[in-house]
Amino acid sequence: MQRILLDTDPGVDDAQAILMATAHAGSQVEAIFTVGGNVGIEHTTRNALTIVEAIGQDIPVFAGCESALVFEGEDAAWVHGNDGLGDANLVPQSRQVETEFAPTALLRMVTAEPDAFTLVAIGPLTNIALALRMDPTLPSKIKRFVVMGGAVTARGNTSNVAAEFNIFADPEAAHVVFEAWGKAGKLIELVDWEATVRYGIPFEKVAEWRALGTKRSTFFDTVSNRSFDRPSLTEGRTKMFAADPLALAVVIEPDCVTHAEDRFVMVETGGTYSRGQTVVDWDSRLKQEPNARIILKVKAERFFQLFEDGLK
């Protein structure tokens, strides 16, 4: 059984990823930690509660950092809606957030059961960086660490064109995290934006999923409507980009990966055009030990099937 601790900033594709992970027989999401990112922390926390309530699972939700470590970054409300879930105006009816601070809860759980959990970060890395500052031994307590973030050949999706959103939202936190995992001699499994684009899901397939008629597919359709109906998000595209579900596919079925490469990755924290860029030493010129396993190829049809299973 894959025991998952999920750090997230829901977010439409975060919701899609949670649907996928909680439907997989070999996985169990044991806690959700929220962070400010796609939208503010009050929205991401409310959305996490809404999602777990909608799927009927008793997963505790812990609120974390509301803003980046140093500079306030841009949000992604223009993609996800002002409320983060497509402006669907969904609110939890009974679920309440836990009182414990997310980084503290993370450290408590992994300290009590070292090497038991897979930590998955599909939002900015602020909570993880703060937890590292509280306990630098965190990497040694994590079984696997999977991150959705970065653009490994500098084709990002933010106003800094070389940077991907989750890293750009808090580059200092990302720098802390990548450096710490490297010093610990462990690898971050990195699912980047460019992989997301390579494994976009054809809109025809998405249309089939929206029409499945299940409780989960109806929720998927409700929160995703805004993304499908806005020309600015779909013009010129034939596929839906599902970054966070792709990361969760790598988590719940590691055999889905067919090619990955271990490389040393740095995060740029300065520069007018390079802030937030994930710089990859592809040719080992720096002679540094790898700190990331970059996911380059997956089984596309298996990824699509895992996504569909999460909607049934």
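Under 22 Å between alpha carbons: how many lysine pairs meet that in the chain, if sequence neighbours fewer than 8 apart on the same chain are excluded?
Within the chain, the lysine pair count is 17.
With a cut-off of 8 Å between alpha carbons and a minimum separation of six or more residues, what is the relative contact order of region 12-142 in percent?
The normalised contact order for region 12-142 reaches 26 percent.
Between ASN225 and GLU42, what length in nm is gained on full extension when 0.36 nm per residue of separation is reduced by their alpha carbon distance?
Gain in length upon complete extension: 63.7 nm.
Arranged by the count of other C-beta atoms within 10 angstrom, fewest first, what order do LYS141, LYS287, LYS183 take?
In order of increasing Cβ crowding within 10 Å: LYS287, LYS183, LYS141.
Zone of ASP281 (label point 7 Å along Cα→Cβ, backbone N under 19 Å): which residues in region 148-186?
151-154, 174-186
Could you compute the net charge surrounding LEU6? Neighbours are other residues with a C-beta less than 9 Å from the C-beta of LEU6; K and R count +1, D and E count -1.
-3
Which of the peptides 210-218, 274-282 is most tightly packed, and how do the rest follow, going by the mean number of other Cβ atoms within 10 Å of each residue?
Top of the packing list down: 274-282, 210-218.
Treat each spin label as a single point 7 Å out from the Cα along the C-beta direction, and report the THR272 to ASP255 distance in nm.
5.2 nm
Set the Förster radius R0 to 22 Å, insert the Cβ-Cβ distance between SER159 and ARG237 as r into 1/(1 + (r/R0)^6), and round the FRET efficiency to 0.05.
Calculated transfer efficiency: 0.65.
Percent relative contact order of the chain, based on C-alpha pairs within less than 8 angstrom and at least six residues apart?
Relative contact order, the chain: 21 percent.
Quote the charge dipole size of region 2-309 about the Cα centre in Debye, to the nearest 20; the model charges only the Cβ of Lys and Arg (+1) and of Asp and Glu (-1).
540 debye
From the residues VAL35, HIS24, VAL52, which one has its Cα farthest along the dipole of region 1-62 in the positive direction, the dipole being from +1 and -1 charges on Cβ of Lys/Arg and Asp/Glu about the Cα centre?
Result: HIS24.
Determine the sum of side-chain charges near ASP281: Lys and Arg each +1, Asp and Glu each -1, restricted to other residues whose C-beta is under 10 angstrom from that of ASP281.
+2
When the chain is fully extended, how far beyond the present Cα-Cα distance does THR104 get from MET1, taking 0.36 nm per residue of separation?
Contour length minus Cα-Cα distance gives 34.7 nm.
Helix-only mean residue ellipticity at 222 nm, the chain, DSSP H runs n ≥ 4 weighted -39,500 (n - 2.57), per residue, nearest 500. What is it?
-11000 deg cm²/dmol
Where both partners of a DSSP beta bridge lie in region 2-309, what percent of those bridges are antiparallel, to the nearest 5?
Antiparallel bridges make up about 35 percent of those DSSP assigns within region 2-309.
Given an 8 Å cut-off on Cα distances and at least 6 residues of separation, report the relative contact order of region 165-312 as a percent.
Computed over region 165-312, the figure is 38 percent.
Work out the length of the dipole vector of region 200-312 about its Cα centre, built from +1 on the beta-carbon of each Lys and Arg and -1 on the beta-carbon of each Asp and Glu, and round it to the nearest 20 debye.
Roughly 220 debye for region 200-312.
No lab work stands behind these numbers, since they all come straight from the coordinates. Because the structure is a prediction, the values reported are computed rather than measured. When we count neighbours, we look across all protein chains shown, and the Cβ atoms used for this are built from the backbone with ideal geometry, even at glycine.
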